[in-house]
Every structure is written in C-alpha cells, then in structure tokens.
Amino acid sequence: MKVNFLESFNDIRDKNMLTLKEAKENGQKVVGFYCTYGPQELAIAAGAIPVGLCGTREEPIAAAEADLPRNLCPLIKSSYGFGKTDKCPYFHFSDIVIGETTCDGKKKMFELMRKFKKVHVMNLPQHQHQPASLEMMYEEMVRLKKVLEAELDTEITDEAIGAAINVVNRERKALKALFDLNQNKPALFSGSDLLKVSFQISFHSDREERISLLNTLINETKEKAKEGYCVGDSSTPRILLTGTPVGLGCEKVINLVEESGGLVVTMENCGSYKTLDLSVAEDSSQDKLMLLAQRYLKIPCSVMTPNTDRLTLLEKMIDDFKIDGVIDLTWQACHTYNIESYFVADLVKSKANLPFLHLETDYSNSDLETLRLRINAFLEMM
Amino acid sequence: MSLVAGIDVGSTSTKAVLLNGSENHHLIRPTGWSPRDAGTAILEDLLKISGFPKDQLKKIVATGYGRVSLTFSDKAVTEITCHARGAAYLVPELDTIIDIGGQDSKVIKVNSFGQVLDFFMNDKCAAGTGRFLQIMANALGFDVSDLGNLPPEEPVTISNMCTVFAESEVIGLLAQGVSKNAMVAGLHQAIARRISSMVRKLGNYDRIVFTGGVALNRGVHQCLENELSKNVYVPEKCQLAGALGAALIAQDLLRKD
C-alpha cells in the first residue's frame, strides 16, 4: 500500500540530531525558528543551521502549565514546555531562537522563554496590504540581520542571502511538486505519508540533500503511478485539511480520517501547502532584505486581518485537488483560526457546495471517540 | 420475508427496531455497563417477543456509541446519519433535527431524503444533555421523568451549563429560597437556549423535529418552541429515531444485495 521509498524519511529528525551535535562541536551555530514567518534564509546566509522548534507533542505540556495558563493553545504550551524541560535537542542546540508576534499567546510566551534562552522576537505587521506593513516587515528583516550578525559573530553578505534564497526557493518548489502529485485521482499519498515527508524533511540540515531526496521520491512515485500504483481508489473521499498546524505527535485528525475510510489528500496549513507557492523573487538588482520582506508578508495566516488570500488559496486547492470535503482544525484557544473558520465554512458550504467540518481540539487523546464520531458522520455525508 | 434490524446502543438506553416490510416491532431498555451485552440481548429478546426466528434476520445495522462493539452487525453507521434517516421517515419534509440523548446533543440539517447536509454536536461534556437533567433532578429530589410534568412557573436564570457548576448553582439558589419548580423551568430554558444557538449556527430552519430521550420532556420542548419561534415536532417514537434509521439503512443494504 505504501511507497517503500518513504522509509528513508522515517528517521531524518533523529539522525539529524547527531549531525547537529557534530556541527556544534565543530563550531557551527544553530538558529531555532518557531514559525513559517521566520526567514530561515538569513540563518543559512549567516552560515548557521536553521532548525524548526514548533512543539507538536503533548509530553511537555504539563510542565509548561506550571508557568502558562491551561487555557492556552497546545502548540504554544508544547513549544514552551520543550524549551523549559530541555527535552528537545533542537532547542538545546539553538544559540538563539527567533519568535514572531503572531498571536497574543505566542508573543507573551516568548517573554517567559527569555528567562532561559536567548530569544529574538520579530514584530509582525497585522495588515498585509497596507504600504506601511511592508516597510515594517523590511525594518524587521534589517533588525533580525543585525541581531544574527552580532549573536553569531559573523557578517551576512548579500551574495550569501542570494544563494540562500535560491536554495530555499528550490526546496519549496520540490515540496510543492510532491504535494501536487496528489492532484492525481486516485491519490498517490495518504495524508499521514504527506505529513511524514514534509515534517521529517524540515529537519534535514543539508538543503541540497533535502531537494534531492524530494526529487527522488517524486520520480519514484511517478514511475510507480505509471504501473498503476495508487492509494485508495477513485471513490475514496478526498479531504482537504486546513486550519492550525499539524506535525508528528498531533496528527490524530489525519489518522481518524484515514482509519475511517477517507484520505487527507492535501493540507493547507503551514508546514504544508500554505507557503509552498510563495517564492522569494530572485532579482539581483534589488535589496535582498526587501525581497524577503515582500515574500514573508504574503503568508496567508489567520494572524493577518483580513486574511482573504487564505480563502483564495483554499478555493484553488478545492478545485485542483478535486476535494470532496473540507475539515478545518482549530487548536483549542487559537482565537484567530477559530474565528476565521466562519469564512472558511461560508466558502466551503455556500460557494463550493461541499461538506464542511470544524473541529476544535488539543493534543490529547481524551476526545478521540467524539472526534471519530464526527469524522465518521462527515464521511458518511459523501 | 425481508426481516432487518436496527440497534441503537446509546449511553443511557438501548433501542432496537425490527422491520419486516412495513411491519415493525421495537424495544427500549437501559444500556447498563456493557454496550455489547445490551445490544446482543435486546435483539434476541425483540426477536422472541415478535416471534421471528433468528435465522430469518437478513441484515443488522448498529448505531450509537456502542455501534462498533456489536461485531455481529453487518454495518456500523453513526447516530448522526441514522437519526437523520429515522427522523425524516417519521416526519417527512423536515429540515432540522434536534437530538438530545443521555450524553450528547446534536443538531442535524437534512434534505428531503433524510440525508445529512450539515451537523453540529455539543462539546465534550454533559452540558445540556439527559445526564445534565438527571443530575439536576437528583439535586432537587425529583425523578428525571417528572421534570417535564411540573406546573409551569416563571423560570429562574441558570447561568452555568457545566453539570458540576450548575449543580452548585442550583444548590445555592435553593439556599436562597428559590422554588424548585422555578429552578426546573430555568434549567429547561437554559438547555433550550444552548440548543437554539446551535440550530441558528447551521442557518435557516423551518420544520424542526426533536428526538432523543430528552424530547419526552415537555418543558424542554416548550422552551425550544419559544426560543426558536417555530413549531417543534416530537414524534411519538422520538427515542427510536436512531434505531429506526439504522433499520431503514439495513433495508437499503438488503436491496443492494
């Protein structure tokens, strides 16, 4: 049923810990990022290894609740808890972590995190299409570059930023091409496989190697597809998952859909399709930091107001991926995604005329059966 | 003979319906601690009572929270789909179903074929369910089945919907000397307000059907009609909608064979 080649993605995260440890011992710096708004290109250009720190597991939440309110989104509590308990090697190895003022919970959490880690918080504009926002985003890129240069004791050249932009662009393109294979009906990947690939690959410290692994997987899958390989059949309900981010450890909704006979053929959330079509312009005559600012400001996240670009993207994805139903996942206490669900529901139900299911949950398994009931009933509608 | 069965193993009661063409038989009893035993026993007893030998049973569809534990069934279908099908059979041309059971409450939008268009379920707690009413009835010294038959009184406002907090609120109000009947009226109104906001969330509504065990409570029924400014139909067999829907789906399965 599964492509064997996917196995090479199973343990990238674990293997890369050793690579990271060796790199640190050889004097290389590590920069931790919490969110897709963090411009990893600048860390690469500084000669450092950027790593993703977003917490996707339940384990450290209890420890986080010693400092943070319980009624806070599990992603923030998990992220903070991993840092506080020092149980995440990626956090441990980070010389500095970069946060953003995405939502209220995160920006205040970073204040607490400063007690045990060097933290730099980027001040994000909240209104993508105001001219002043781009100026602000640019100033934040300038500020981040200076902080990284000082902290990592290096100089970030324009040439190095250009090269980093190029490699990250190519990686996004490769990942998008992989996701796009699932426009095929029947699908070529299950949602849990897509998640495994996109989550694991983000831990590989060699960017060129990332691209080559993705391209190999794309080619192998295409070959297999020619021989009739597919996942599910043409009557399997094709689900689009949108909303708050999902990583390994909090993928229960994907699992429930696929245990119940549906397939999550694509995901719009960050880490998945949300940012894959946004390349940084590769224009040698322009200020590189401005090119970065332009790109990062375009991310259609619910922290922006209004966030109409997300709806445009969803509408296109519903069409391109031949979607039968949309699930909008909100982590408990994520107000921005929770409220925005109103517009997503309207788009899916009234405009696309498809079944829609909004789920609000956390990282625990306490509501597994009530979620299963809703997801089963949702799939029975198709 | 085209004998089929629908079994709805709910958190509080288990319901079974046998259909033989248009002839039907049914049984309702408490679920107890084992959904599997409850589902097995009710089917055997219903077959016995209605005089059908077991080997003539062609299809069985299970629903309710215990649906997956009935491994002898031909298919498990969610109570959302089954309630829609059953309610649409009992009350043709409905567009909205309110179902309040022992452990959850749901609002379902359906088309004229009884197919689910959209649904909304309550949170993962007992707020506003049969269990909620049962605990409040205990606190007030009533039997839950009597709550709907008390003389109507001006309702007192109950602001907590969490079962635990509402119980302390009720005890606090009792201490203040609020009458028990006013309290019960307040509880019914609180449930109706909560359910009505779920109904409104799903858009327009016109013909509403109220099913599940709590539909037997005339107080909640009346409050729902007031809140929604519509007639709310309670079918005579309001507790059987899920099992009936399951039996109708079993008939479909039989036809497909």
Exercise. Just wondering, is there one or more residues in region A:369-378 that are assigned by TED's automatic domain parsing to the domain that holds A:Ile239, in contact (Cβ under 8 Å) with a residue 12 or more places away in the chain and more than 20 Å from B:Lys201 (Cα to Cα)?
Worked result: yes
For this session: Scan region A:360-377 residue by residue and report those that are part of a loop (DSSP other than H, G, I, E, B), more than 7 Å from chain B (Cβ to nearest Cβ) and not small (Gly, Ala, Ser).
Result: A:Asp362, A:Tyr363, A:Asn365
For this session: For residues that are within 27 Å of A:Ser260 (Cβ to Cβ) and in contact with a strand residue (DSSP E or B) (Cβ under 8 Å, 6 or more places away or on another chain), scanning just region A:152-182, find the one that is surrounded by the most Cβ atoms within 10 Å (Cβ to Cβ).
Result: A:Asn182
Problem set entry | Residues being among the β-branched types (Val, Ile, Thr), more than 10 Å from chain A (Cβ to nearest Cβ) and part of a strand (DSSP E or B) - total across region B:89-135 | 6
For this session: Please go through region B:197-214 and pick out each residue that is crowded, with 16+ Cβ neighbours inside 10 Å and among the hydroxyl-bearing types (Ser, Thr, Tyr).
Result: B:Tyr205, B:Thr211
Problem set entry | Every residue from region B:72-88 that is within 9 Å of another protein chain (Cβ to nearest Cβ), assigned to a loop (DSSP other than H, G, I, E, B) and more than 19 Å from B:Lys256 (Cα to Cα) | B:Thr78
Seminar exercise, completed: Those residues of region A:294-311 which are part of a helix (DSSP H, G or I) and among the aliphatic types (A, V, I, L, M) amount to A:Leu297, A:Leu311
For this session: Collect the residues in region A:326-359 that are more than 10 Å from chain B (Cβ to nearest Cβ), under 23 Å from B:Val77 (Cβ atoms) and either touching a Ser or Thr at 6+ places or on another chain (Cβ under 6 Å) or not in a loop (DSSP other than H, G, I, E, B) (or both), keeping them in residue-number order.
Result: A:Val326, A:Ile327, A:Leu359
For this session: Please go through region A:280-333 and pick out each residue that is in contact (Cβ under 8 Å) with a residue 40 or more places away in the chain and β-branched (Val, Ile, Thr).
Result: A:Val280, A:Ile299, A:Val303, A:Thr305, A:Ile318, A:Ile323, A:Val326, A:Ile327, A:Thr330
For this session: For B:Asn217, state whether it is surrounded by fewer than 17 Cβ atoms within 10 Å (Cβ to Cβ) and either over 11 Å from the mean Cα position of the chain (by Cα) or among the acidic types (Asp, Glu) (or both).
Result: no
Seminar exercise, completed: Residue set B:Ala16, B:Ala41, B:Ala62; condition more than 12 Å from chain A (Cβ to nearest Cβ) and surrounded by fewer than 24 Cβ atoms within 10 Å (Cβ to Cβ); output residue B:Ala41
For this session: Within region A:52-67, identify whether any single residue is at pLDDT 95 or above and surrounded by fewer than 14 Cβ atoms within 10 Å (Cβ to Cβ), and answer yes or no.
Result: yes
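One line per residue, one yes/no per condition, for (1) under 30 Å from A:Asn376 (Cα atoms); (2) touching a residue at least 60 places away in the same chain (Cβ under 8 Å):
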{"position": "B:Gly114", "(1), (2)": "yes, yes"}
{"position": "B:Phe119", "(1), (2)": "yes, yes"}
{"position": "B:Phe142", "(1), (2)": "no, no"}
{"position": "B:Ser145", "(1), (2)": "no, yes"}
{"position": "B:Cys162", "(1), (2)": "yes, no"}
{"position": "B:Ser168", "(1), (2)": "no, no"}
Exercise. Out of all the residues in region B:231-252, which are over 20 Å from the mean Cα position of the chain (by Cα) and surrounded by fewer than 16 Cβ atoms within 10 Å (Cβ to Cβ)?
Worked result: B:Asp252
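The values are calculated or read from the model by the stated rules, or taken from the named source; none is laboratory data. What you see is a predicted model, and the numbers here were worked out from it, not measured in a lab. All Cβ positions, even for glycine, are placed from backbone atoms using ideal geometry, and neighbour counts span all protein chains on display.
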